[in-house]
Structures are given as C-alpha cells and as structure tokens.
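Below is one structure, written out as structure tokens; comments come after it.
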Amino acid sequence: MPEPGPYLDLPPLIVSVRPDGTYYITLGANPEQPEKLEVIKDKVSKILKAKPKTPVLVWGDEKVPYGIVVVLMSELQEAGAKNVGLVTENP
C-alpha cells in the first residue's frame, strides 16, 4: 500500500457546464458565479502547477450537448489536467 502523500486526499476541482453554455468552477468565494472558459483554464493551470495530482472533474446534466462536454474536457487537458473525469448521477 502506498504511503500517504501530500496529494492523496486533495479535493477535486469540479468544472460545471450548463445547457446555456455557462461554466462554473468549485473554487473561490462564489462557486455559483459563472466564469469564462479562459479564466477557468487559467485557474486550473495554476492549481495543477502547484498541486499536479489534483483531480479535475467535469459535471453537466443530460441537457448539455455532448460536444460541449468534449470541448471542455479538451480545454482542461490543455490547461494541464492529464486525466479529466466525469461526474455522473444515476438516471
């Protein structure tokens, strides 16, 4: 079993996208404040430079077009997230 490290229990960064194309990130004083994708990418990049093992997850409900989710995941990978996971809920 690996020894606990400084990143073992890091809370994930969750980037949400809504059907209207607005983006949100669970970071900062107001996670319900929409952010531009460029701002989110910058924040994610800075966090991952400091804590590279921080999990990055994408959340969107079934009304969000799949293409928007794919673009968001690609943009987060460009920001330095090697693996981007999806938050899923039971239907």
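Just the residues that are in contact with a Phe, Trp or Tyr (Cβ under 8 Å, 6 or more places away or on another chain) and within 13 Å of residue 13 (Cβ to Cβ), please, taken from region 34-91. Steps first, answer last, please.
Filtering region 34-91 down to residues in contact with a Phe, Trp or Tyr (Cβ under 8 Å, 6 or more places away or on another chain) leaves 34-37, 40, 51-54, 72, 86-87.
Correct list: 35, 40, 51, 52, 53, 54, 72, 87.
Can you pull out every residue in region 55-88 that is surrounded by fewer than 12 Cβ atoms within 10 Å (Cβ to Cβ) and in contact with a Pro (Cβ under 9 Å, 6 or more places away or on another chain)?
61, 62, 63, 82, 83
Could you tell me whether residue 52 is open to solvent by less than 100 Å² (accessible area, probe 1.4 Å), more than 15 Å from residue 23 (Cα to Cα) and more than 11 Å from the chain's Cα centre (by Cα)? Give the derivation first.
Details: open to solvent by less than 100 Å² (accessible area, probe 1.4 Å): yes; more than 15 Å from residue 23 (Cα to Cα): yes; more than 11 Å from the chain's Cα centre (by Cα): yes.
For residue 52, the condition - open to solvent by less than 100 Å² (accessible area, probe 1.4 Å), more than 15 Å from residue 23 (Cα to Cα) and more than 11 Å from the chain's Cα centre (by Cα) - is met.
Under 7 Å between Cβ atoms, which residue pairs at least 6 apart in sequence (or on different chains) link something in region 43-71 that is among the basic types (Lys, Arg) with a partner that is not in a loop (DSSP other than H, G, I, E, B)?
43/25
Mind listing just one residue for me: the one in region 1-44 that is of a type in the set (A, V, I, L, M, F, W, C) and either surrounded by fewer than 11 Cβ atoms within 10 Å (Cβ to Cβ) or more than 17 Å from residue 59 (Cβ to Cβ) (or both) and, of those, modelled with the lowest pLDDT? Don't jump to the end; show me each part of the working.
Quick first cut of region 1-44, residues of a type in the set (A, V, I, L, M, F, W, C) only: 1, 8, 10, 13-15, 17, 25, 27, 29, 37, 39-40, 44.
Narrowing further to those that are either surrounded by fewer than 11 Cβ atoms within 10 Å (Cβ to Cβ) or more than 17 Å from residue 59 (Cβ to Cβ) (or both): 1, 8, 10, 29, 39.
Numbers: 1: 37, 8: 52, 10: 78, 29: 73, 39: 95.
Taking the candidates together, the pick is 1.
Being modelled with pLDDT under 95 and in contact with a helix residue (DSSP H, G or I) (Cβ under 8 Å, 6 or more places away or on another chain) is true for just one of 86, 76. Which residue is that?
Details: 76 fails: modelled with pLDDT under 95.
Only one candidate qualifies: 86.
The values are calculated or read from the model by the stated rules, or taken from the named source; none is laboratory data. For clarity, every value in this text was computed on a predicted model and none was experimentally measured. All Cβ positions, glycine included, derive from the backbone under ideal geometry; neighbour counts span all protein chains shown. In case anyone asks, the SASA skips ligands and DNA or RNA and just uses the protein heavy atoms, side chains included. Shrake-Rupley method; radii C 1.70, N 1.55, O 1.52, S 1.80 Å.
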